[in-house]
1. Please find the FRET efficiency linking ASN154 to GLN97, where r is the Cβ-Cβ separation and R0 is fixed at 41 Å, and quote it to the nearest 0.05.
2. Taking θ = phi - 60°, what integer Hz values does the Karplus form 6.51 cos²θ - 1.76 cosθ + 1.60 yield along region 113-129, in sequence order, with x for Gly and Pro?
3. Whose amide H sits under 5 Å from the amide H of THR33, counting only residues 5 or more places off or on another chain, with H placed in the peptide plane?
4. Taking the alpha-carbon centroid of each part, what is the distance from region 98-150 to region 42-69 in angstrom?
5. How far is it, in nm, from the label point at ASP105 to the one at THR53 when both lie 7 Å from their Cα along the line to the Cβ?
6. Quick check on the chain: helices-only [θ] at 222 nm, where DSSP H runs of length 4 and up contribute -39,500 (n - 2.57) each and the sum goes over total residues. Nearest 500, please.
7. Which residues make up the longest stretch of the chain clear of trypsin sites (Lys or Arg not before Pro) that lie in a DSSP loop with no more than 15 other Cβ atoms within 10 Å, not counting the sites?
8. Could you compute Rg(Cα) / (2.2 N^0.38 Å) for the chain, with N its residue count?
Amino acid sequence: MPSSYQAPKREDHEKPATYSQTTASNLKAGIATVAQLLDRKGTEVFSIRPAETLGAAVKVLRDKRIGALLVTDETGGLIGILSERDIVRKLAETPGQTLPQLVGDVMTDKVETCATDEPLVSVLRRMTAGRFRHMPVVEDGLLRGIVTIGDVVNHRLNELEHEALKLKQLIVG
């Protein structure tokens, strides 16, 4: 054997370790906000005027496959919300005479709103505590969108799926 020959060592065959994935790089940092939800969902809102009838409102709810309409004035300012629940209550109170009634007489006029920078967990808590499913998003006095309890739950489920996938990648490598 030549004197310069050295038998292979264990470290000669080891590949250098890489650290491209860490917990910090795989887990989403920060708290989800209304703005993030609206970025994914969109900001389209459906509204109705208070002088319209419940019959007209019911048709919009059916056609758009939504559960609530925002009630706005002539300038687009929020003055109330009309939900399926409001209509059902009125149906029980005035059977057979409900659809001709005016939206302004049936709507909820004390509307809780949220801002785009509000954390989704806060919105969800307020919706649960107030027992309502729709919350308009208002920023600088302007209507920016609407958030539903289903939107918030769906957003959180997507986040959890993303986190689970990233953790799996971290474990598997």
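Bear in mind these aren't lab numbers, they're just calculated from the coordinates by the rules spelled out. Here the structure is a predicted model, which means the values were calculated and not measured. Positions of Cβ are backbone-derived with ideal geometry, glycine not excepted, and every protein chain shown enters the neighbour counts.
1. On the way: r = 37 Å, r/R0 = 0.91.
Working from the Cβ atoms, E equals 0.65.
2. Once rounded to whole Hz, the list reads 10, 9, 9, 5, 8, 6, x, 4, 5, 5, 4, 4, 4, 5, 5, 5, 5.
3. When sequence neighbours closer than 5 places are left aside, the close amide H contacts are LEU120.
4. Region 98-150 and region 42-69 have Cα centres spaced 14 Å from each other.
5. My value for the distance between the label points is 1.2 nm.
6. Working: 8 runs with 76 residues, N = 173.
Estimated from H runs of four or more residues: -12500 deg cm²/dmol.
7. Details: sites that count: LYS9, LYS28, ARG65, LYS110, ARG131.
So the longest stretch without any such site is 66-109.
8. Working: Rg = 26.8 Å, N = 173, 2.2 N^0.38 = 15.6 Å.
Its radius of gyration relative to the 2.2 N^0.38 Å reference: 1.72.
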